[in-house]
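Written out below as structure tokens is the structure these notes cover.
What follows draws every value from the coordinates through simple rules; no lab data is involved. Only a predicted model underlies this, so the values are computations on that prediction, with no experimental measurement involved. Glycine also receives a Cβ, built like all others from the backbone with ideal geometry; neighbour counts cover every protein chain displayed.
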Amino acid sequence: MTSNTAQQDAAVADKTILANSAYADGRHLAARQSIYRWQQPQYDLPGIVVEELADTSGTVLDVGCGNGKFASRLHTDRPDLQVVGMDISAGILADVPKPVLVADAQALPFADNSVDAVLALHMLYHVGDIAATIEELARALRPGGVLITSTNSDTDKQELDQVWARAAGDVLGIPKGPARVSLSSRFSLEKAPGYLGTAFKDIRVRELPGTIEITDPAPIVAHLASYEAWADQCGVPFPETVKRAQEIVEAVIATEGSFEIRCLGGILVCRP
């Protein structure tokens, strides 16, 4: 592992960055979510979570709930559940349905065996100690409870990684620039079962492959720009690299008619 990668990994889990810039509000998260509008096939991720909770009653804790995409859907489709949204950032909770609380996933303010389901969706790569946090989530679950987590594959959106490295290289005047920050690599779809297996015996993986085909560079530019909170860890002038990436994407669209991105995410349903 290069020192640059180690620095990036540390920044991805930096609580100050997470609470005060990356997720101070829902703007950057919404930009990363929005690119999936162009994915085929389409996946209704909140709907999948509702489906997986069909046999669950009682309390559902949405850890690292972000802008409340999943909590909101549960409030609508499963009003019988007591859904509690939780995030380390107070700002991003502004529009999440109540009740909500500001807390750290590594120290849940819940007693042992006190919740019926825990959601940890696209967030376990942000905690400092992934293994200890999984143990903490398992601690709060009642016997027979379920943890639903999600993340992306190490192969997800590699085309954007290639664009970034090329743009960064062009800005720096070298053949290939530093890699962009990868949020999911610390807890990727490939690594997740190993982490989860220490606390959960039954782990079921639902892979969600797809292709994003875009004819307007704007969603890609917004996606890349949403990593602004980690600009200092990129090793390259951030605005200039985003601008150069836009030019590269525009050229591909002009030549080929569209820019294609291959995606692979997944949901893991875990029981003790």
Exercise. Hey, can you tell me all the residues within region 62-86 that are surrounded by fewer than 18 Cβ atoms within 10 Å (Cβ to Cβ), closer than 20 Å to S114 by Cβ and among the charged types (D, E, K, R)?
Key: R78, D80
Quiz prompt | First in region 234-245 and without any contact (Cβ under 8 Å) to a residue 60 or more places away in the chain, second anywhere and of a type outside the set (K, R), Cβ under 7 Å, 6 or more apart | solution = F238/E228; F238/A231
Quiz item: When only residues in region 19-37 that are in contact with a Ser or Thr (Cβ under 6 Å, 6 or more places away or on another chain) and assigned to a helix (DSSP H, G or I) count, which is farthest from G128 (Cα to Cα)?
Solution: A31
Practice problem: Just give me the residues in region 14-33 being over 19 Å from G68 (Cβ atoms) and either surrounded by 19 or more Cβ atoms within 10 Å (Cβ to Cβ) or of a type in the set (V, I, T) (or both), in sequence order. | Solution: T16, I17
Quiz item: Do you know which residues across region 142-190 are more than 15 Å from V249 (Cα to Cα), among the basic types (K, R) and surrounded by 17 or more Cβ atoms within 10 Å (Cβ to Cβ)?
Solution: R180, R186
Practice problem: Test R204 against the stated conditions and say whether it is surrounded by fewer than 17 Cβ atoms within 10 Å (Cβ to Cβ) and among the basic types (K, R). | Solution: yes
Quiz item: Taking V249, is it more than 22 Å from the chain's Cα centre (by Cα), assigned to a loop (DSSP other than H, G, I, E, B) and more than 26 Å from K191 (Cβ to Cβ)?
Solution: no
Practice problem: Scan region 87-141 for residues that are farther than 19 Å from G66 by Cα, among the aliphatic types (A, V, I, L, M) and either touching a residue at least 40 places away in the same chain (Cβ under 8 Å) or buried (at least 20 other Cβ atoms within 10 Å of the Cβ) (or both) and jot them down. | Solution: V115, A131, A138, A140, L141
Exercise. Kindly indicate which of V205, V181, V252 is touching a residue at least 60 places away in the same chain (Cβ under 8 Å) and touching a strand residue (DSSP E or B) at 6+ places or on another chain (Cβ under 7 Å).
Key: V205
Practice problem: Please specify each residue of region 213-249 satisfying the condition of being surrounded by fewer than 16 Cβ atoms within 10 Å (Cβ to Cβ), in contact with a strand residue (DSSP E or B) (Cβ under 9 Å, 6 or more places away or on another chain) and either farther than 16 Å from I35 by Cα or not charged (D, E, K, R) (or both). | Solution: T215
